[in-house]
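Visitor: Below is a structure I'd like to ask you about.
The values are calculated or read from the model by the stated rules, or taken from the named source; none is laboratory data. Bear in mind that the values here come from a model prediction, so they are computed numbers and not experimental data. Ideal geometry is used to build each Cβ from the backbone, glycine not excepted, and the neighbour counts take in all protein chains shown. What goes into the accessible areas is simple: the full protein's heavy atoms, side chains included, and nothing from ligands, DNA or RNA. Shrake-Rupley method; radii C 1.70, N 1.55, O 1.52, S 1.80 Å.
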Amino acid sequence: MSESLSEARKARAHTWFETLRDDICAAFEALEAALPAHAPLAERAAGRFVRTPWTRADHGGGSIKADPGGGVMASMQGRVFEKVGVHVSTVFGEFAPEFRKDIPGAETDPRFWASGISLIAHPHNPHVPAVHMNTRLVATTKAWFGGGADLTPMLDRRRRQDDPDTVAFHAAMRAACDAHARVAPYEKYKRWCDEYFYLRHRGEMRGIGGIFYDYLDSADWEADFAFTQEVGRAFGRIYPELVRKNLTTPWSAAEREEQLVRRGRYVEFNLLYDRGTIFGLRTGGNVEAILSSLPPVVKWP
C-alpha cells in the first residue's frame, strides 16, 4: 500500500471527519431545538442524534485478518428532520478479486484503507431541500480524496437554477473551490456533479447539482486536504441557513405528495448508480449505514 500516506496523515484525516461530524450534528440539533412555536410540527419533541458504533465485516477474502475497522452511525429523527444520518467510518483490508480492477492502484496490491464522512438529510417540510454531502480519503498503492455536496429541492417550482436556495448553495460550493482553485476547478467539479447525479433511465438530474470530485491527487496532499476540509465547512455554513429560511413555511397535502414522489428519485439513484453504495456493500460496510441514505417514507405514483 502507498507509503506516501503516512499514519500521521491517516490520523489527521480521520480526526477531521469526526470533528466535522460533531460540528454538523450540533448544528442540526440546534435547528431542532430552535424550531419556532408557530412552525409546523413544533408541538413535537426536538430530535437528538443517536450514535451507534459498528465493526466492518471483512469480505475481501485475502490474507489480512486483522481488525478491519468500522465506524459510528449518527442518526436522528426529529421535528425538523424526518431522517438524517451523519456517519463516519475508517475501514481497511483487501479488495475482493472481482473488485480490484475497478479501483486505482489495487490491480497489483489489493490492500486498501479508507476514511470518510457521509451525510444525507430528509427534512419533514417539503419546502426544505434534501441534501447529501460526503468527503473521503482512500489509499491503495495510490491515495486520493473525493466527495462533494448536492442539493435536492422537493418541489418542482423550486428546482430552478435561479431559485434563491439554488443560487446560495452554488455560491457556497464555488467559494470553497475558488479558495483552493489550484486543486479545485469549480466549473469542472460542478459539471462532474451534474453528470454523476443523473438518472439515465429518466433523463433527469436528481437535484439542482453542487460539486463532485474524485481521485484528487494533485501531488500536494496538504492542498488537497485543505480543500476537502473547506467543502465540509462550506456545507456546514450554507445548509443550516437554507433550513432556517424554509422551516416555518406551512405545506399542503399536495406538496407532501410531491415530496414523497420526488424522494423516489433518491431511492432509484442510490440503488442503481451510486458508487458509494456499491463500494460499501461490496467491501463489508455497515448495511444499515449505507442504506440510511434512503428516505423513511416514499411513493411511486
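Visitor: Given the Cα-Cα distance of R233 and K299 and 0.36 nm per residue of separation, how much length would full extension add, in nm?
Guide: So the extension gain works out to 20.4 nm.
Visitor: Computing the accessible area with a 1.4 Å probe over protein heavy atoms, can you report the carbon and sulfur percentage for the range 166-301?
Guide: Details: 3360 of 6040 Å².
About 56 percent, which is the carbon plus sulfur part of the accessible surface.
Visitor: What's the angle, to the nearest 10 degrees (0 to 90), between helix 7-33's Cα axis and the longest principal axis of the chain?
Guide: 10 degrees
Visitor: Is there a quick way to get the dipole size of the range 146-242? I mean about its Cα centre, with the Cβ of Lys and Arg at +1 and of Asp and Glu at -1; what is the value in debye to the nearest 20?
Guide: Numbers: 14 positive and 17 negative charges, 85 e Å.
Taking the Cα centre of the range 146-242 as origin, the dipole is about 400 debye.
Visitor: Out of every Cα pair in the range 1-42, what percent are spaced more than 15 Å from each other?
Guide: On the way: 532 of 861 pairs.
Every Cα pair in the range 1-42 considered, those over 15 Å come to 62 percent.
Visitor: Would you please give the residues with an amide H less than 5 Å from that of K142, counting only those at least 5 places away or on a separate chain, with H modeled from the backbone geometry?
Guide: Excluding prolines and chain starts, which carry no amide H, the hits are S2.
Visitor: Name the lysines eligible as straight-distance cross-link partners of K142: C-alpha to C-alpha under 29 Å, and not fewer than 8 places from it in the same chain.
Guide: Counting by Cα, and skipping residues close in sequence, K142 has these lysines nearby: K10, K65, K101, K188, K190.
Visitor: Could you give each residue of the range 122-134 its phi-based ³J(HN,Hα) in whole Hz, using Karplus coefficients 6.51, -1.76, 1.60 with θ = phi - 60°, and x for Gly or Pro?
Guide: Calculated HN-Hα couplings, in order: 10, x, 5, 6, x, 7, 9, x, 6, 8, 9, 8, 8 Hz.
Visitor: ³J(HN,Hα) across the range 48-54 via Karplus (A = 6.51, B = -1.76, C = 1.60, θ = phi - 60°), whole Hz, x for Gly/Pro?
Guide: 9, 6, 10, 9, 10, x, 8
Visitor: Can you match Rg and Dmax of the Cα atoms in Å to one of these, (1) 17.4, 50; (2) 19.0, 61; (3) 20.7, 66, based on a calculation from the structure here?
Guide: Here Rg and Dmax of the Cα atoms in Å agrees with entry (2).
Visitor: Counting just the Cα atoms, what span does the range 152-301 cover along each of its three principal axes? Round to the nearest Å and put the largest first.
Guide: 51, 38, 27
Visitor: Using just the helices of the chain, give the 222 nm mean residue ellipticity in deg cm²/dmol: DSSP H runs with n ≥ 4 each add -39,500 (n - 2.57), and the total is spread over all residues, rounded to 500.
Guide: Counting only the DSSP helices, I get -12500 deg cm²/dmol.
Visitor: Here's another thing I want to ask about it. Scan around G210 for amide H atoms under 5 Å from its own, H built in the peptide plane at 1.01 Å from N, and keep only partners 5 or more places away or cross-chain.
Guide: Under 5 Å from the amide H of G210 lie the amide H atoms of D194, each far enough along the sequence or on another chain.
Visitor: Okay, which of the range 156-188 sit inside 18 Å, backbone N to the point 7 Å along the Cα-Cβ direction of A219?
Guide: Once the point is set 7 Å along Cα→Cβ of A219, 181-185 turn out to lie under 18 Å by backbone N, inside the range 156-188.
Visitor: Let me ask you something else. Which residues' amide hydrogens lie under 5 Å from the amide hydrogen of M154, considering only partners 5 or more residues apart or on another chain, with H built in the peptide plane?
Guide: A130
Visitor: Give the residue from M73, S89, A30 lying farthest towards the positive end of the charge dipole for the chain; charges sit on Cβ (+1 for Lys and Arg, -1 for Asp and Glu) and the dipole is referred to the Cα centre.
Guide: In the chain, that residue is A30.
Visitor: Further question on the same structure: Restricting to Cα atoms and excluding each atom paired with itself, what does the Kirkwood estimate give for the range 15-118 in Å?
Guide: For the range 15-118, inverting the mean 1/r across all distinct Cα pairs yields 16.0 Å.
Visitor: Whole-Hz ³J(HN,Hα) for each residue in the range 215-231, computed from phi via Karplus 6.51 cos²θ - 1.76 cosθ + 1.60 with θ = phi - 60°, x for glycine and proline: what do you get?
Guide: The phi angles translate into 6, 7, 9, 7, 6, 10, 4, 5, 5, 5, 5, 4, 5, 4, 5, 5, 4 Hz.
Visitor: Under a GNM of the chain (C-alpha, springs under 10 Å), which listed residue has the highest mean-square fluctuation: W144, W251, W192?
Guide: Comparing W144, W251, W192 in the GNM, the peak value goes to W251.
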